[in-house]
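Heads up: the structure comes next, in structure tokens.
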Amino acid sequence: MLSLESKKLRRLHYRSGFDYAELEMTNTISKSRLETIEVEVRQAVATTPVCDVHTHLYDPAFGPLLLWGIDALLVYHYVVAEAFRFLPLSCERFWALSKTEQANLIWEALFIEHSPVSEACRGVLTTLNALGLDANQRDLPAIRQWFAEWKVEDYLERCLELAGVSTLCMTNSPFDDVERGIWERGFTRHPAFTAALRIDPLLLQWNEAVPRLAQWSYAVTPELSPKTVDETRRFLADWTRRIQARYLMVSLPPGFNYPAQTECAQLMEKAVLPHCRDYGLPFALMLGVKRGVNPGLRLAGDGVGPCQLESLENLCAQNPSNKFLVTVLARENQHGLCVAARKFPNLHLFGCWWFTNIPTVIDEMTRMRLELLGTSFTVQHSDARVLDQIIYKWRHSRAIIADVLVEKYLALAQTGWEPSNDEIERDVKDLFGGTFAKFCSPVSSSIDLPAKGFDGQGF
Ligand code: HDL
Ligand code: ZN
């Protein structure tokens with residue numbers, strides 16, 4: 001458990017303080033108890049270990065695939081996108097530079113020539129500060145020297161401890177040639193790293209995936225014949241077992257339709273969803289990403305668009321024995337997604353994904369979800385690509401979540417309902433991965449849902 005003295009808890013503040021005198025006038029709970037509730041909420045949020053349900057980090061056994069250190073932090077694609085708004089050079093020239101040269105340019109542009117007020121830049125500084133470095137000297141070579149003295153095994157444990165992350169889920173793709181070879185050779189797993197089977201190439205580039213599956217001895221053809229479906233399911237089963245996948249995952253464009261005659265929808269219906277039912281695994285959908293809006297920016301070049309929530313409703317209603325983990329990228333979809341989650345117990349919402357992972361939207365989404373779903377969702381994931389990022393992504397989010405939860409528990413207290421410390425700790429554990437674990441665990445029976453078009457009484 002993280003241990004933070006109460007005085008540090010105030011640092012978790014994201015919004016202004018609360019007027020207890022006014023609260024005390026309206027109910028039976030004393031002012032001192034109200035103040036204690038705030039401290040208990042901040043303590044619980046600050047010290048509850050999280051299960052980080054979606055990252056792009058790798059078990060240290062993957063060697064260079066696990067990114068860490070100041071240059072990796074500075075060339076993170078979120079930061080690169082912001083740097084290009086100031087850098088006077090072409091994408092081609094930038095990508096031709098070494099990582100160190102790229103990092104130097106980014107440091108100058110976003111930290112020295114302009115104040116690093118963006119979430120991604122502030123995150124770099126939060127991380128350096130938490131590690132005990134004085135970035136205020138603005139001495140990048142000295143910072144680099146500090147990182148050079150670490151061994152990754154030790155640094156990994158330090159980052160997990162500072163972030164308060166107990167376990168994290170990787171994003172694992174058999175279609176990544178480097179990663180596939182390491183899985184096939186086998187390795188001793190780090191206990192904090194769990195796996196998720198990412199299948200974007202299978203669902204979104206089926207015609208390119210077919211020859212690769214065939215090369216791996218799966219007898220598939222471009223036509224979705226029964227034999228091809230069976231062989232695709234064998235591929236999913238082999239990799240589910242090999243990596244001990246906690247769930248399957250795909251990111252989908254705004255135009256994703258279900259049901260549909262597309263290869264994506266047909267493969268979902270005939271292969272992926274039956275496989276998930278057989279193995280009791282959730283299917284995670286990340287909806288609304290527009291890949292390659294500006295291809296020259298590479299990973300930084302993806303955009304966002306509103307997704308069609310009706311397709312998600314159809315998936316949940318027509319596959320009641322499947323479990324769906326969902327996060328969506330467009331801010332304008334967030335309210336409708338919460339309403340959809342109220343209709344389908346087999347739909348579990350997680351995290352503030354990518355462009356929504358900024359204080360303004362985290363605050364709004366967390367309030368909306370608590371107000372519509374209670375604690376039946378997973379409040380955040382880091383999506384970290386660089387190990388050190390878990391420090392800032394979780395510190396920034398904990399501060400916002402703490403403020404929102406203080407407000408919600410004080411609003412409870414105003415009704416005369418006094419949340420106990422045990423109840424507060426239970427709820428925070430739930431929001432930080434507890435409900436996710438319960439949702440992922442094999443269900444004894446399918447969640448029976450009425451067919452589409454029921455009388456709308458909802459859940
Ligand atoms: O598709 C995804 O999982 C996204 O999270 C992308 O990897 C994206 O590049 C990202 O890192 N977002 O945070
Ligand atoms: Zn991701």
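Throughout, read-outs are computed from the coordinates displayed, never taken from laboratory work. Keep in mind it's a predicted model, so treat the numbers as computed, not measured. Ideal geometry is used to build each Cβ from the backbone, glycine not excepted, and the neighbour counts take in all protein chains shown.
Overview of results
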{"item": "Too-long pairs where the Cα-Cα distance tops 20 Å, listed order kept, from Lys151/Lys393; Lys323/Lys343; Lys227/Lys270; Lys227/Lys323", "result": "Lys151/Lys393; Lys227/Lys323"}
{"item": "Qualifying trypsin sites (Lys or Arg not before Pro) for the range 273-310 [loop in DSSP, other Cβ within 10 Å: at most 15]", "result": "Arg291"}
{"item": "Principal semi-axes in Å for the range 297-359 [√(5λ), Cα gyration tensor, largest first]", "result": "24, 12, 11"}
{"item": "Those trypsin sites (Lys or Arg not before Pro) in the range 359-388 that DSSP places in a loop and that have at most 10 other beta carbons within 10 Å", "result": "none"}
{"item": "Dipole moment magnitude, nearest 20 debye, the chain about Cα centre, only Lys, Arg, Asp, Glu C-beta charged", "result": "480"}
{"item": "Peptide ranges 167-176, 136-145 listed from the most packed, as the mean C-beta count within 10 angstrom indicates", "result": "167-176, 136-145"}
{"item": "FRET efficiency estimate (nearest 0.05) - Cβ-Cβ, Lys290 to Glu92, R0 30 angstrom", "result": "0.85"}
{"item": "FRET efficiency, Asp176 to Val39 (Cβ-Cβ, R0 35 Å, nearest 0.05)", "result": "0.15"}
{"item": "Cut-off under 5 Å, modelled amide H: who pairs with Ala195 long-range", "result": "Met170, Arg246"}
{"item": "DSSP-assigned coil residues among GluC sites (Glu not before Pro) in the range 149-221, each with at most 15 further Cβ atoms within 10 Å", "result": "Glu149"}
{"item": "Neighbour-count ranking [beta-carbon atoms within 10 angstrom, fewest first] of Phe432, Phe147", "result": "Phe147, Phe432"}
{"item": "Beta bridges per DSSP with both ends in the chain, % antiparallel, nearest 5", "result": "10"}
{"item": "Label zone at Ala61, where the point sits 7 Å out along the Cα-to-Cβ direction: the range 164-178 residues whose backbone N lies under 18 Å", "result": "167-178"}
{"item": "Between the range 149-182 and the range 75-93, the alpha-carbon center distance in angstrom", "result": "26"}
{"item": "Extension gain (nm, one decimal) between Ala142 and Arg189, 0.36 nm per residue minus Cα-Cα", "result": "13.6 nm"}
{"item": "Structure-based [θ]222 nm, the chain - -39500 (n - 2.57) summed over DSSP H runs of at least 4, per residue, nearest 500", "result": "-14000 deg cm²/dmol"}
{"item": "Length-normalised contact order of the range 373-448 in % [C-alpha pairs under 8 Å, at least 6 apart]", "result": "49"}
{"item": "Long-range amide H partners of Cys307 with built H, under 5 Å", "result": "Ala330"}
{"item": "Efficiency of FRET between Glu101 and Met368 - r from beta-carbon atoms, R0 45 angstrom, step 0.05", "result": "0.60"}
{"item": "Ordering of 50-62, 326-338 by packing [mean C-beta count within 10 Å, highest first]", "result": "50-62, 326-338"}
{"item": "Translational diffusion coefficient (Stokes-Einstein; Kirkwood radius from C-alpha pairs) of the range 346-400 at 25 °C, 0.890 mPa s, in µm²/s", "result": "211"}
{"item": "Size descriptor, Kirkwood hydrodynamic radius, that averages inverse alpha-carbon separations across the range 146-267, Å", "result": "16.6"}
{"item": "Relative contact order (%) - the chain, alpha-carbon pairs under 8 angstrom, separation at least six", "result": "23"}
{"item": "Two-decimal log10 I(q)/I(0) for the chain, as the Debye equation yields it once each C-alpha is a single scatterer, q = 0.08, 0.10, 0.11, 0.13 Å⁻¹", "result": "-0.50, -0.79, -0.95, -1.30"}
